[in-house]
Structures are given as structure tokens and as C-alpha cells.
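FYI, it's all coordinate maths here, none of it is from the lab. Owing to the predicted nature of the structure, the values given are computational and were not obtained by experimental measurement. With ideal geometry, Cβ positions are generated from the backbone for all residues, glycine too; neighbour counts draw on all protein chains shown.
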Amino acid sequence: MKITMTEIVERALTGKPCSEREFDIRLSKRARELVKEYGIFYDPANPVPRDFGLANSVFKAGFQLFCELGVYCTSTNKIMSFSEEEVRYALKHAPAEVWFGEGIDRRALTPRKPEDKKPPWCFLGAAGAPVSSEQILSILVESYAKIPQANSITTPALTRVRGVRISPGTPLEILGAIETVRIAREAMRRAGRPGLPIMNLVATATTDSSLISALNSEFGARSSDGVLVGILAELKTNFALLNKAFYAKSLGFRIAGELGPVYGGYAGGAGETAIVTVAEHLMGLMVYQADWYLVFPVHAIYTASSSRELLWVRNISAQAISLNTNLLSLYLSYIAAGPMTEMALYEIAAQISSIVVSGVSIEAVGVAKSRHEDRLTPIEPKFAAEVAYTSTRLSLQDVNELVKQILPRYEDKLKNPPLGKKFQEICDIETGRVSREYLELVTKVKKELSDLGLPIE
Amino acid sequence: MSEEKYFAELREAIIAGDVQRARECAEKIVKEGLDPLKAIEEAIQPVAKIVGEKFEKLEIFLVDLIMSADAMKAAAEVLTSAIKAKRPLRPAGKVVIATVQGDIHDIGKNIVAALLVANGFEVYDLGVDVPALKIIEKAEEVGADVIALSALMTSTMRGQKDVIDMLKAMGIRDKYIVVVGGGATTAEWAREIGADGWAETAPEGVSLIRRLIEEKRGVKP
């Protein structure tokens, strides 16, 4: 039988007590052991592996890790445990089709398989990157909605509302969260796509109270939108997150388990991070009863996901999930470089092409690590969508060869990436029109990628 | 057994992250009448540097770093108490570290804290979602040199500014070196809020803190 949300909370309250430090160490050690037991090897020479036996081993190890360790609740310092039977039952009955959006933009998100010819779901936009004003948020979302491949929108996060910097847990955060939804809806209407779903409700809302406030339909949120509920690294949650999941679920929103395992962090190395990525999918399924998954393994030092190790972690974990489940997984690409740089476009090409052939869908793009205010334009997600559609015509082997040629073009710059220019320096702030210089740069890189085997139309 | 052999044993225990063995090695060094200060300088400090460098290259991972830091701390406690009778040993610096109010992310902060411990700093880790006043009260209580503030989210960065503003309002801003870091922050942000420094990565954060303390103490870096 399906576990109810009440039972989930009960397990957080009555689970086995454990210190957080002990849980972290236990996770690291067990992940390391399982990598050895299952013979999982990271091969830097092949960042896009085509070894389904290896992918299946990653899945089995991740499944075992989750069932053995459970989930740590930092609010109670207790471990929530789940049996293998419970997890298998939940996997069997996980939704294999979830509908988002309204009117002509209503679409079903469905699973993909490695080398699937079906285009990925394109969740396009800012990936919660910071923007300094309501005006920039508005013009960006309007531009995102005009990208033909967009199935859903990922909004930026406002850092200021009415010119005042937002503080978490204050009414300013609630106001910022409400304004984000209201402005985004209006911007999509202007673009002629009022039914497009927002799948990162609500990027500006950090606390449970502001998220709950912003989900009120009065401000434009719809139950056909997606709500992200974070997983704390690694395999942890708390009551504020459970509050978000419980409330959004009760209103019928499509909940995503949002997981960003840290390579080099408690997960450990590449093999360990891949199995933790699988385990955290299962946590989303069991603890948040997620309908879909937003996945972004990141590098502890570079805080982006375009390095060689991270490409491997993303691709092998995506194949593991895609081959063994129907879970609806979207991988978010964080790039280190900023807009209007060749490096940014190469990072996008490497991540998007490989994750699409690995059998999942995409969220694009976290530009300049989603860290630097206003360092994003509509060009990066548009370019990502074009790469994604082109990649459906390629095989894992093709993309492996492609990525091997792209990586040397930016690998040595990951520590100190070029930040490029700000939105205001590249785009017309009234119309969103992109500078000719940037468009020419994109044309140049597309030509180079075409020569390497990625013929973007 | 020669002095170098005792020191080598201690180094091995620290690299292995074996707290119990590191403590025992330190106790043996004291019992054998070897110079505890020399043990800190020649066994612990070089290993701290190696461990930090290995983490920066991700040749080791966070759990290894934390366990080595714990082992170093255990050994250093034994050796320091042996020295104290002769002359007080000054720590590399006292650091109060926290993730600011509203933010519950701790990995980055934990990495910095572990590296600081490994490098001989006295670290007071207040955890996550910590109110500005609580951070300042702790700094006052322990006589900290540095307040280190982490924030992952753009929506929680302001908590760093709140600490600095409160220090100013209390008239004690100049008492402390305030450094900021975390996923959402930038050098530009650090300048905007009047922090003394910003670092993108944990190892850079440790170097920054060391440099700022040396500058404040008037020691040439």
C-alpha cells in the first residue's frame, strides 16, 4: 500500500535517533563500500558511457544505499526508514505521465530512454538565477516563453522587490514570491502563451511560509504548475521542506524532488555521487511522493556541472534511472561561464547533448552558476533547446566522441571562468532584443559544433 | 624509536582520519619526553597543509577531510596541554562560523570549518539558520578574531549584511574580521555589504582568513 503523508511525518518523529555527523559519515562509508561491491568505475576517458550493465549496477547500489540508510530528518535528529518492499511498490506505481500547463500549452511529461528519438521535455529559463529587478524578470520570462521548444518555464529569483533587498522569513520574501508568479504569468500572456506552466514555483520563496503564500491561486499559481521541494545534501530533509511538500500536494501541484548531490562532498567521488543521485531520486519518491525529479549534481569546488567527472555522474545516473524506472527526471545544467562567452555555449553543448542521449529531459540553464546577478539572457536556454533537439538524432557513442572534443575547449577554465556580460549589457531592457555581437558568437560556435558532429539547425 | 618515527606515526594516523590512534600517538610523544611543540610544527601542520591541498584537488573528499581534521584536533589537544605548562600556544585564530538566518545549507560551511580546524584555528561552528545577534554574541563571548558567514541562496544573502549592519550599530564592527562566502555570493556582494573578504572556494577561504588575521596582527604574510 502507498505510504501516506501522515505516516511519513510519523516516521520522522519516531525513527531511530542518530547524530547528523554520524549519519554523514555512515553515508560516505557505505557509498564507498557499495561502489567497490558493485564494481562501479569512473572512466574519465569516456564521459558519456555506453555500458548499460554499469548503469544497472549504479541503480542497484543506489537502491541498496537508500534502503539501508534511510533519510535523515534534521528537525528531529531521527532516521526515517523504508523497506525494500515499500520502495519497490512505490516505484511500480510511480506516475509515468504527468500533465502540466493549460489550454494549448497543456502537455504530458513522459519518461525517455537512452538514445530515445523522442525530444526531451524542455524546461527553459533562468533556473532560479538572481535578477535585480521586476523589469528584468518580466522581459526575461517573456523571451523564454517565445522559445518554440519551451514546454515549461523556469523563472529567475528576485533579489529585490520595489528596490529593497529581500530578507528570508520576512514579509519582503512573501511579497517577492507573490510578485514573481504574478509578473511571470503576465509576461507569458504577452508572449502569447498564457497556458505555459511554471515548473519552479517559486524561485524567490526560500521558506515554507513564503512558498505557501505564493501558491495561492489569487496570485496566478495553478495546480498545473510544478513545485520544487529540496532534498538536503545528502539524503536529508526537515519539517520546513515537508511542510512545503504536504501543502503543495494537498493543493494538487506537481511536486518535484529537487536533488543536488555534491561531488567531493559527503557523497564522495564520481561513483559514489552517481549512486547517491539514484538514492535521492528514491528519497523524493518516498518522502515527498514526488511526481517528477529535478536533478543537478554539482562539483564541490567549481559549483557547476560541466566538468568531466560531473558529466559522467550525470550521464550514468540518468541512464540508471531511465533504464530501471519510469521516474520523470529532468537534469539541470549549471555552467560556470557567463553570457556572451564561447565557454558558456560549449558547456551547454556538452551537458545537454549527453544528458539527452542518456534518456532524461532537461532544465536549462543555470548560467554563471546561477550566482551572479543579471548574468543571463534568453540565448542560453534557446541554444540549449536547439542542442537538445539535435541530440535526439545522435547515439551515445556519437555524443561521447563529440563531448571528448568539446571538453578541452573549456576544462582548464572551470576554476576561473569568464563571466561575460550582464543582461543589461547584451539585451534591450525594454524589448529583450539580443545584441548582434552575441548572435554572431552563437552562429560561430554552432558552426564549430557542426564541424565536430553536432549539426544544430 | 626515533623522534621522526613517532612523528611519522602521528602523520599516518591523521591522514587515515583515525582519531583514537592520533590521540594515542600524541600521548606517546608526550610520555617519551619529546618536544610537543616540535610535534605540532613537524607532524600536524605539514599534514594539515597536505590534507587541504588534496581536498582542493578532490583527491580526497569531505568525509576524509572531516575525519582528518578530527584526528588533528584530538592530537593537538594532547600536545597543546603538554605545552601549556611551559608557555601558552597561540591558535592560528579564533573563528565563529555560521550559515546565516533563513538558510539551512551547511555543506560549504562544514568544509570551511573542517579545513580551518585542520589548519590550527579554533573554530566555533554555530550551525545553520543562525540569527545575526546569536553570531555576534558568540564572537563576543569567545573573543573571536573572525566571523565567517555562509549563504547558499540569493534570497538569504542579506543575512550576511544583517550581521555586518548589527556589528556597526553596536559599535564593534572593527573588532572583527568579517568574511563571507557561499553559493550565492560574489566579491561584488562582499564589497557592497562592507565585508573584509570573500572567497569562492573553501581552501581559498582558509587562505583568506589566515592572510587577514596576519595583516591585523601586523605579521607579514
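Things worth noting here:
- Measuring against 30 Å, Cα to Cα, the residue pairs A:Lys92/B:Lys109; A:Lys2/A:Lys244; B:Lys94/B:Lys168 contain A:Lys92/B:Lys109 as the ones spanning a longer distance.
- Cα-based Rg of the stretch B:94-217 normalised by 2.2 N^0.38 Å, two decimals: 0.91
- Packing order of peptides B:69-77, B:56-64, highest average first: B:69-77, B:56-64 (average count of other Cβ atoms within 10 Å over each peptide's residues).
- Restricting the stretch A:29-110 to GluC sites (Glu not before Pro) in coil, as DSSP defines it, with at most 13 other Cβ within 10 Å: A:Glu97
- The angle between the Cα long axis of helix B:19-31 and the longest principal axis of the Cα atoms of chain B comes to about 50 degrees, rounded to the nearest 10.
- In the stretch B:6-62, one over the average inverse separation of all distinct C-alpha pairs is 11.6 Å, which is the Kirkwood hydrodynamic radius.
- Tilt relative to chain B, helix B:62-84 - C-alpha long axis, 0 to 90 degrees, to 10: 70
- Hydrodynamic estimate: the Kirkwood radius of chain A over Cα pairs, inserted into Stokes-Einstein at 4 °C and 1.567 mPa s, corresponds to D of 60 µm²/s.
- Charge dipole magnitude, Cβ of K and R +1, D and E -1 - the stretch B:94-217, Cα centre, debye nearest 20: 200
- Order of A:Leu175, A:Leu137, B:Leu37 - criterion: other Cβ atoms within 10 Å of each residue's Cβ, fewest first: B:Leu37, A:Leu175, A:Leu137
- Take the Cα of A:Asn216, step 7 Å toward its Cβ, do the same at A:Lys113, and the gap between the two points is 4.8 nm.
- Of the residues B:Lys109, A:Lys404, A:Lys113, A:Lys78, the one with the fewest other Cβ atoms within 10 Å heads the list, and the complete ranking is A:Lys113, A:Lys404, A:Lys78, B:Lys109.
- Taking the convex hull of the alpha carbon positions in the stretch A:306-358 and averaging its projected area over all directions gives 3.5 nm².
- log10 of Debye I(q)/I(0), alpha-carbon scatterers only, for the stretch A:105-169 at 0.20, 0.24 Å⁻¹: -0.82, -1.00
- Overall Cα dimensions of the stretch A:126-207 - principal axes, largest extent first, Å: 37, 21, 17
- Mean partner shielding of peptide B:107-115, defined as the number of other chain Cβ atoms within 10 Å of each residue Cβ, is 3.
- Angle in degrees between helix B:132-142 and the longest Cα principal axis of chain B, rounded to the nearest 10: 40
- Each other residue within a Cβ distance under 10 Å of B:Asn119 adds +1 if Lys or Arg and -1 if Asp or Glu, for a net charge of +2.
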